[in-house]
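Below is one structure; the comments refer to it alone.
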Amino acid sequence: MQTSSVCVGIDISKAQLDVAMRPAGTPLSVPYDAQGISTVIARLSQVSPIRIVVEATGGLERPLLRALVDAALPVIAVNPRQVRDFAKATGRLAKTDTLDAQVLARFAEVIQPEVRALPDPQTAELAALLARRRQVLAMQRAEQNRLDRAPARVRKRIEAHLRWLRTELARLDEDLDDMIEESPIWRAREDLLQSVPGIGPVMSRTVLAELPELGLLNRKQIAALVGVAPFNRDSGRLRGRRTIWGGRAPVRTALYMATLVATRWNPVIRQFYQRLRTAGKASKVALVAAMRKLLTILNAMVHHGTPWQPAAARRA
């Protein structure tokens, strides 16, 4: 077996890691703990795989990812939906941990997803704080919606929980402020991004944590990465409506809110949005185009290291 062509799939559960290799290799199952991770790394270091694929499972994969990166092994966290679609397309309908690992290894071999650098621990911590902030805001909205319909005794408990959530939100914002303040690079990047009318702390910090590729890719690549690039739906004579999908949902959500503000207060984005509406574009279509325009402007600013300049922004 030529070790230079080995692709690996690792299925992750709370208790266990299942490892499969292609085109050949003995499967491996170990507990998901420090010793199990060490066993996996020792085994993979012997075969020198060209690609290791795991599913992004909402945080469960992070200890393994960090250990593989520290061991200089080429690991990629992929969208679980892509893997499920691939499994269906190849006729793999059964589902066990061992089979899932085999599907991931086949996915790595056939699709050959690009290996990207994982965020450093500081960036990962910033992303975790932002994710927790989104969770607290979601809980706050849910409790506020329950408040009006709740009887008096329940209302008191909801109000107490809302007070706690507001305090927790303030603490999270303080932690985020401290993290940004401790990093001269992040501080400069945040100042650069917030020089754009419509960009506030939520958008700038989401970009810092969730979109480190900003400024490193071209306009089409960054739009596809965020999920605001339109995809064709054409077949034969049929010309379907262009739609957006996929991408990084936290970044896209923050970009959507920033663009809503920018269509009112940013002269370049406002003019761009109004021109599309005057041309007969639907409001949602015009807004997505404005999102893409704003993202392109941010990408160019970070690439060149220049703050907001309306004339340059119009050309972006």
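The values are calculated or read from the model by the stated rules, or taken from the named source; none is laboratory data. The model shown is predicted, which means the values in this text are computed figures rather than measured ones. With ideal geometry, Cβ positions are generated from the backbone for all residues, glycine too; neighbour counts draw on all protein chains shown.
Based on what the data block shows, is residue 42 farther than 20 Å from residue 113 by Cβ, part of a loop (DSSP other than H, G, I, E, B) and assigned by TED's automatic domain parsing to the domain that holds residue 83?
Considered against the rule, which asks whether it is farther than 20 Å from residue 113 by Cβ, part of a loop (DSSP other than H, G, I, E, B) and assigned by TED's automatic domain parsing to the domain that holds residue 83, residue 42 comes out as no.
Would you check if residue 77 is under 25 Å from residue 183 (Cβ atoms) and surrounded by fewer than 16 Cβ atoms within 10 Å (Cβ to Cβ)?
no
Go through (1) at pLDDT below 95; (2) more than 15 Å from the chain's Cα centre (by Cα) for residue 30 and report which single condition fails.
With (1) at pLDDT below 95; (2) more than 15 Å from the chain's Cα centre (by Cα) applied to residue 30, the lone miss is (1).
Let me confirm something: among 237, 219, which residue is over 24 Å from residue 308 (Cβ atoms) and modelled with pLDDT under 95?
From the options 237, 219, the qualifying one is 237.
Among the residues of the range 113-147, write down those that are part of a helix (DSSP H, G or I) and among the small types (Gly, Ala, Ser).
124, 127, 128, 131, 138, 142
Only one of (1) touching a Lys or Arg at 6+ places or on another chain (Cβ under 9 Å); (2) touching a residue at least 60 places away in the same chain (Cβ under 8 Å) is not met by residue 11, so which one is it?
Checking residue 11 against (1) touching a Lys or Arg at 6+ places or on another chain (Cβ under 9 Å); (2) touching a residue at least 60 places away in the same chain (Cβ under 8 Å), the one that fails is (1).
For the range 57-112, list the helices (runs of 4 or more DSSP H) that sit wholly inside it and hold at least 2 residues that are farther than 19 Å from residue 123 by Cα; which are they?
80-89, 97-111
Output the residues belonging to the range 8-39 that are out of contact with any Ser or Thr (no Cβ under 8 Å at 6 or more places or on another chain) and surrounded by 23 or more Cβ atoms within 10 Å (Cβ to Cβ).
8, 9, 10, 21
Scan the range 287-298 and report the pairs whose first residue is within 11 Å of residue 214 (Cα to Cα) and whose second residue is part of a helix (DSSP H, G or I) and at pLDDT 95 or above, with Cβ atoms within less than 7 Å and a gap of 6+ or a chain change.
Filtered contacts from the range 287-298: 295/255; 298/193.
Residues in the range 112-133 that are within 14 Å of residue 75 (Cα to Cα) and either loosely packed, with under 15 Cβ neighbours inside 10 Å or in contact with a strand residue (DSSP E or B) (Cβ under 6 Å, 6 or more places away or on another chain) (or both): how many?
Final tally of qualifying residues: 6.
Collect the residues in the range 251-295 that are crowded, with 21+ Cβ neighbours inside 10 Å and either in contact with a Pro (Cβ under 6 Å, 6 or more places away or on another chain) or in the same structural domain as residue 128 (by TED's automatic domain parsing) (or both), keeping them in residue-number order.
Residues satisfying the conditions are 266, 268.
Just checking, which of 75, 54 is touching a Lys or Arg at 6+ places or on another chain (Cβ under 9 Å), touching a residue at least 40 places away in the same chain (Cβ under 8 Å) and on the phi < 0 side of the Ramachandran plot?
Being touching a Lys or Arg at 6+ places or on another chain (Cβ under 9 Å), touching a residue at least 40 places away in the same chain (Cβ under 8 Å) and on the phi < 0 side of the Ramachandran plot holds for just one of 75, 54, which is 75.
Yes or no: residue 185 outside any loop (DSSP other than H, G, I, E, B), modelled with pLDDT under 90 and closer than 29 Å to residue 77 by Cβ?
When the stated conditions are applied, residue 185 passes them.
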